[in-house]
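The values are calculated or read from the model by the stated rules, or taken from the named source; none is laboratory data. Bear in mind that the values here come from a model prediction, so they are computed numbers and not experimental data. Positions of Cβ are backbone-derived with ideal geometry, glycine not excepted, and every protein chain shown enters the neighbour counts. Keep in mind that these areas ignore ligands, DNA and RNA; they rest on the heavy atoms of the full protein, side chains included. Shrake-Rupley method; radii C 1.70, N 1.55, O 1.52, S 1.80 Å.
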Amino acid sequence: MRTQNLNTNGRDSSKTARVLIVMLGPCFGCICTIAWAQQATFMVEQSFDTDPGWEGLRNRLLPPRPPVVKQHFGYARTNLAGGRGAGEIGGTIQRSSTRAWYAKSIAEVTLNDRLTATGQFAVTRADSSSGMMFGWFNETSRGWRTPNSLAFRIDGNGAKYWMFYEYGTRNWRTGGGGAFEGDRYQTTETPPFRADGTVHRWSLSYDPRLKEQPGVLTFQVDDRRYTQEVAPEHKADEATFNRFGIWNVQIGGESLDVFFDDLVVNGERESFDADPQWMGAGNEVEFTERVIRPLHDFGYSGTNHACGKPGEVGGIIFRDERPAFYAGACVPLTLDDELQASGRLAFLQAGSDSGICLGWFNASAKREKNTPEHEDRQRSYVAVMIEGPSRVGHYFRPAYSTATGAGGAPMSDPTSGKERPLIRPDGKVHRWSLAYSPRAANGRGQIAITLDGERHTLDLAQGERASGATFDRFGLFNIQAGGHHVEIYLDDLKYTSASK
């Protein structure tokens, strides 16, 4: 073993990256019966004290004129929601990744409490891709499919809107339904509501029932009534609410105008005949939006979220059908090579239906793929996939694909059934590792991941290692399926490359 200061392109450097060369020599003669020959490999140590000059593909998609977010809502001396007199709450609310809210401070309640609210509202204008929330939440709640919330949602769709009712636990487990018949509003025969100022009556209630039973969430608007169970495991995951009121849907989008009046919340009436002096945050602002679906913004950053020295890689990455990556080049590796990687990461933001991959992949296969995952899987990668269904949030799970597209990223261990570790977009710093061994699993090959010391493995299926894969990049790459964004940062990376 010898140590040499190199950067990711192999040039001499005093700081950017340290490379540890590991040559496999005659001492490995005792394993000459193995049916593959490992090449010489080394570990790249990248601290990102300076820009590594990694390659990016569609990773900085800045619009020429970023949209402007204008929030203008709170108490108003109008009477648009049909109350008994002037005075109501509401205004112009815009979708944005930056949260905005106006709400009453309430005594803390949870999913073990019975909750009721009634009132009336009117939507006077709704752009396409607009949306807002109304109900119980927590002063710390943030994100699309909001944790610690129980509410109904108004989704604007250009002079009309749809309504949903939903909840989120403290750990981003979510559930709910739509105020229409069928599974999707895009195909329902139930007509949408018109954004013409018509006044509607609504009620939202939650019955916790017994501890071992599912809770029941009930939403009614005019004569439409809907119910949804809250699973016992979601009740056990807990949710805490200390606010009741308005907040924006926290993904980029447009705005709508909506007003509320004659509220009764857990038996307490709010008529808004006078300013209720509710609390607000971000509800009277104007700023330039940066998180715009599906425009990625990731790469080298001078920030320090992952707790190394200033300098790291990451940013905003969307699930999107078109390819994107930011990665360091390496001499090609294959499924016959031992692979190792580790480092620190900070997961800052994430919406439902979002995700990212971190690991080795083939740059050509990525560039040439312009089809969604459900039509054709991305080929040739070994990675950690951070993704999961909205009922849980995001799993930290091993993932792979061969040159033929065989492989997978199961959300639980195929042998034990144990779920993969969960990772929350709470900004906490995590230690992680990713390793692949071609010798493990009786020569089929095995991927092992750890998150803060918790280890999980995934065996390659019989014959898949032999079908091959070639990796010439290590870094971040997107999942090619439509969805929302994550914000993640990496620092102090170590990863396997090959000698020339």
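If you check THR140 against the conditions, is it within 30 Å of PRO214 (Cα to Cα), without any contact (Cβ under 8 Å) to a residue 60 or more places away in the chain and not acidic (Asp, Glu)? Can you show your working first?
Working: within 30 Å of PRO214 (Cα to Cα): yes; without any contact (Cβ under 8 Å) to a residue 60 or more places away in the chain: yes; not acidic (Asp, Glu): yes.
Answer is yes for this residue.
Touching a Cys at 6+ places or on another chain (Cβ under 9 Å) and modelled with pLDDT of 90 or more: is that true of VAL44 in this structure?
Values: touching a Cys at 6+ places or on another chain (Cβ under 9 Å): yes; modelled with pLDDT of 90 or more: yes.
Spelling it out, VAL44 is indeed touching a Cys at 6+ places or on another chain (Cβ under 9 Å) and modelled with pLDDT of 90 or more.
Residues of the range 70-81 being open to solvent by 40 Å² or more (accessible area, probe 1.4 Å) and either outside any loop (DSSP other than H, G, I, E, B) or touching a residue at least 12 places away in the same chain (Cβ under 8 Å) (or both), which ones? Break it down into steps so the answer makes sense when it comes.
Quick first cut of the range 70-81, residues open to solvent by 40 Å² or more (accessible area, probe 1.4 Å) only: 70, 72, 75, 77-80.
Within the range 70-81, LYS70, HIS72, TYR75, THR78, ASN79, LEU80 qualify.
Here's the yes/no breakdown for (1) modelled with pLDDT of 95 or more; (2) surrounded by 14 or more Cβ atoms within 10 Å (Cβ to Cβ):
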position	(1), (2)
VAL19	no, yes
GLY29	no, no
ASN59	yes, yes
VAL68	no, no
ARG84	no, no
GLY91	yes, yes
TYR102	yes, yes
SER105	yes, no
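Pull out all pairs, ordered by first then second residue, where Cβ-Cβ is under 6 Å, the residues are six or more apart or on different chains, the first lies in the range 427-452 and is touching a residue at least 12 places away in the same chain (Cβ under 8 Å) and more than 16 Å from ASP337 (Cβ to Cβ), and the second is in a loop (DSSP other than H, G, I, E, B) and open to solvent by 30 Å² or more (accessible area, probe 1.4 Å).
Within 6 Å, the pairs are VAL429/CYS307; HIS430/ASP452; ARG431/ASP452.
On the given criteria, is GLY407 within 21 Å of ALA341 (Cβ to Cβ), of a type outside the set (A, V, I, L, M), open to solvent by 30 Å² or more (accessible area, probe 1.4 Å) and over 17 Å from the mean Cα position of the chain (by Cα)? Full working, then the answer.
On the way: within 21 Å of ALA341 (Cβ to Cβ): yes; of a type outside the set (A, V, I, L, M): yes; open to solvent by 30 Å² or more (accessible area, probe 1.4 Å): yes; over 17 Å from the mean Cα position of the chain (by Cα): yes.
So GLY407 passes the test.
Pick from ILE93, ILE89: which is within 30 Å of THR169 (Cα to Cα) and over 25 Å from the mean Cα position of the chain (by Cα)?
Details: ILE93 fails: over 25 Å from the mean Cα position of the chain (by Cα).
The match here is ILE89.
I'm trying to understand the selection: among the residues of the range 424-473, which are surrounded by 21 or more Cβ atoms within 10 Å (Cβ to Cβ) and part of a loop (DSSP other than H, G, I, E, B)?
PRO425, PRO438, GLY445, LEU460, ALA469
Just one of (1) under 28 Å from the mean Cα position of the chain (by Cα); (2) open to solvent by 10 Å² or more (accessible area, probe 1.4 Å) trips up GLN120, so point out which.
(1)
Please work out which one of (1) open to solvent by less than 40 Å² (accessible area, probe 1.4 Å); (2) in a loop (DSSP other than H, G, I, E, B); (3) out of contact with any Asp or Glu (no Cβ under 7 Å at 6 or more places or on another chain); (4) not polar (S, T, N, Q) is the condition ASP51 fails and give its number.
(1)
If I go through the range 371-396 residue by residue, how many of them are under 20 Å from THR174 (Cα atoms) and surrounded by 23 or more Cβ atoms within 10 Å (Cβ to Cβ)? Working first, answer last.
We begin by selecting, within the range 371-396, every residue under 20 Å from THR174 (Cα atoms); these are 386-396.
Checking the rest, the ones that are also surrounded by 23 or more Cβ atoms within 10 Å (Cβ to Cβ) come to 386-388, 393-396.
Count: 7.
What is the one condition in (1) closer than 30 Å to ASP237 by Cα; (2) assigned to a loop (DSSP other than H, G, I, E, B) that ILE356 does not satisfy?
Among (1) closer than 30 Å to ASP237 by Cα; (2) assigned to a loop (DSSP other than H, G, I, E, B), the lone unmet condition for ILE356 is (2).
Any chance the range 365-378 includes a residue that's on the phi > 0 side of the Ramachandran plot, of a type in the set (Gly, Ala, Ser) and without any contact (Cβ under 8 Å) to a residue 40 or more places away in the chain?
Of the range 365-378, the ones on the phi > 0 side of the Ramachandran plot are none.
No, the conditions are met nowhere in the range 365-378.
State whether the residues of the range 490-499 include one that is touching a His at 6+ places or on another chain (Cβ under 9 Å), part of a strand (DSSP E or B) and modelled with pLDDT of 95 or more. Working first, answer last.
Here is the first cut: in the range 490-499, the residues touching a His at 6+ places or on another chain (Cβ under 9 Å) are 491.
Next, only the ones that are part of a strand (DSSP E or B) stay: 491.
Now restrict to residues that are modelled with pLDDT of 95 or more: 491.
Yes, the conditions are met somewhere in the range 490-499.
Can you report the number of residues in the range 314-333 which are in a strand (DSSP E or B) and surrounded by 19 or more Cβ atoms within 10 Å (Cβ to Cβ)?
In the first step, residues of the range 314-333 are kept if they are in a strand (DSSP E or B); the result is 314-318, 325-333.
Checking which are surrounded by 19 or more Cβ atoms within 10 Å (Cβ to Cβ) leaves us with 314-318, 325-328, 330, 333.
Adding up the residues that qualify gives 11.
Given the range 257-313, what strands (runs of 3 or more DSSP E) lie entirely inside it while holding 2 or more residues that are surrounded by fewer than 14 Cβ atoms within 10 Å (Cβ to Cβ) and touching a residue at least 60 places away in the same chain (Cβ under 8 Å)? Reasoning before the result, please.
Numbers: elements: 268-270, 279-281, 284-288, 297-301.
Passing ranges, in order: 284-288.
Yes or no: GLY417 under 30 Å from ARG142 (Cβ atoms) and small (Gly, Ala, Ser)?
Considered against the rule, which asks whether it is under 30 Å from ARG142 (Cβ atoms) and small (Gly, Ala, Ser), GLY417 comes out as no.
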